[in-house]
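For reference, the structure discussed in these notes is given below.
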Amino acid sequence: MSWLFLFSCCICYLCLLNSRSIVIQTEDISPDPELWAAMQSPGSEAFQAAYKHFRLHITRTIVAAGGSQADGAVFYRVAFMHLARLVREEAVTEENVSPGYLEALAVYHFQQWSTERQSEHSTEAPVAEINPQGEFNLPASAAMRDIRMSIWARRQFFRLSKEYRYRIQELADDASRPSAERRFATESDAVAEGYGSALTAYKNLLKDYQPYWMEVLPAWAVTALTDAHFVQVWDRTQLFEQQRNTAADAAPKTNQFWRNAFVVLGIITFLALILQWYFRPKTNEEVYKDNYQAPASLVADLAKRQAQSPDNDSLGLRTEICQQAFADADEAYQSKDYRIAAAALADVLADSVNLACHSDAYFYLAIIGLEMDEPGLTIECLSNIEDLARYGEDIYWYQALAFVKMATQNPLMQEKAERAVTRVISNTEIPERREQAEKMLRQLND
């Protein structure tokens, strides 16, 4: 159809206008850094330069192998950390360490992980693994799994409450000593000394790896918490990823592209007006309404979260004053008097005594912000939540919804909304939510 041809021409014109900018921003065209030298010094600038240089290409390789964009980012980081460890342990030689080796290591990690997940959750044929003893002589499967478990153990460690992190760190420090010097010989000894609740909470966060849980803490968890080299590499690569996400969320610079883009988008808008209704893609407002579902009751939703929390309640008991404030807020909320409900929760935040209520108040104030059509309030409240044990998953989800809400008011927020939804896909452990987020991302990209 003629309108489709014109639409395609407009898109091509936009791509040509911005192609040079895109290449400069996304491709590292500098010479390959010395990977061997970089891996020997995780604290150096060379280490950071190598991490950034190879990331894009290897991420794309994993996507080409069947992974998502999020999978590509995750397993590139896993492979980079693994290679740093192999260099430190002198398990590889300088001749073996090459960009090709790093790429093969990342793909093999992804394939092994995919095979494990498929064998656990479906009857589909597993992804064929590359030969670990082939061209690059990669580590054995058990060693690959151990490094992934250590990386995941450190990530989940930070989801524990401060008290539980302190207790688990004590157990890890004890387990790193020679057997004769250890305070706890068995898990029963640790439980008897009051470490049972912390161990249970940590095990719940690592439930997929419980078959590999040995002794008080398994060796891969001890490595994650006590090995100075592993901790340094984990922390630095985590910082690199955070810096990358922060840069991606930065406001776009004003340039000539946007002036031309608005002209072309005006043509596209005119063409869209003459299309029949069934050709029309969903608007951001429709995407938001399709995916946003507020709780019917604040009090009922809070009670459900407390019951399902890994440590039952990570921040302590709630006072009667706090409970009454939530009851008042819930009554106003169910009556759709959101200003009154917000005021009741604001009183909780103003009280420096009832700190245990603050994460709850921030979370439900964030939901009320969406109901009042104030997504900026939602994002601000979510950033103040400390209780990640109960709200970690939902923080990413409601942040994404808030950005989608902003995109209904300002088209320039579209890219931020898409990135926020992509972060949900990367961080969620709930299959249904991942599926819903992937559907929402497709709707935003239509």
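The values are calculated or read from the model by the stated rules, or taken from the named source; none is laboratory data. The structure presented is a predicted model; accordingly, all values stated were derived computationally and were not measured. Here Cβ is always computed from backbone atoms with ideal geometry, including for glycine, and neighbour counts include all displayed protein chains. The protein model used for the area step is the full one, side chains on, heavy atoms only, and it has no ligands, DNA or RNA in it. Shrake-Rupley method; radii C 1.70, N 1.55, O 1.52, S 1.80 Å.
Quick look at the values:
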{"read-out": "Karplus (6.51, -1.76, 1.60) ³J(HN,Hα), θ = phi - 60°, over region 60-74, in Hz, Gly and Pro reported as x", "value": "5, 4, 5, 4, 5, 7, x, x, 7, 4, 5, 4, x, 5, 5"}
{"read-out": "In Hz, Karplus ³J(HN,Hα) per residue of region 45-50 (6.51, -1.76, 1.60; θ = phi - 60°; x = Gly, Pro)", "value": "5, 5, 4, 5, 4, 5"}
{"read-out": "For region 84-122 and region 402-440, distance of Cα centres in Å", "value": "30 Å"}
{"read-out": "Space enclosed by the convex hull of the alpha-carbon atoms of region 309-446, per residue, Å³", "value": "113 Å³"}
{"read-out": "Centre separation in Å (Cα based) which lies between region 42-67 and region 169-190", "value": "37 Å"}
{"read-out": "Leu138 long-range amide H proximity, modeled H, under 5 Å", "value": "Gln133"}
{"read-out": "Per-residue HN-Hα couplings for region 174-182 [Karplus 6.51, -1.76, 1.60; θ = phi - 60°; Hz; x = Gly/Pro]", "value": "5, 5, 7, 7, x, 3, 5, 9, 6"}
{"read-out": "Cα gyration tensor shape for region 343-392, rounded if a/c is under 1.5, else prolate or oblate", "value": "oblate"}
{"read-out": "Region 340-408: chymotrypsin sites (Phe, Trp or Tyr not before Pro) in DSSP coil with no more than 12 other Cβ atoms inside 10 Å", "value": "none"}
{"read-out": "Proximal charge balance of Ala400 [Cβ under 11 Å; K/R count +1, D/E count -1]", "value": "+3"}
{"read-out": "Charge dipole (debye, nearest 20) of region 388-446; +1 at Cβ of Lys and Arg, -1 at Cβ of Asp and Glu", "value": "140 debye"}
{"read-out": "Positive minus negative residues near Gly369 (Lys, Arg vs Asp, Glu; Cβ under 11 Å)", "value": "-3"}
{"read-out": "Cβ charges +1 (Lys, Arg) and -1 (Asp, Glu), total dipole of region 292-446, debye", "value": "480 debye"}
{"read-out": "For region 335-446: accessible area per residue (Å², 1.4 Å)", "value": "44 Å²"}
{"read-out": "Global form of region 132-195, assessed from the alpha-carbon gyration tensor, a/c cut-off 1.5", "value": "oblate"}
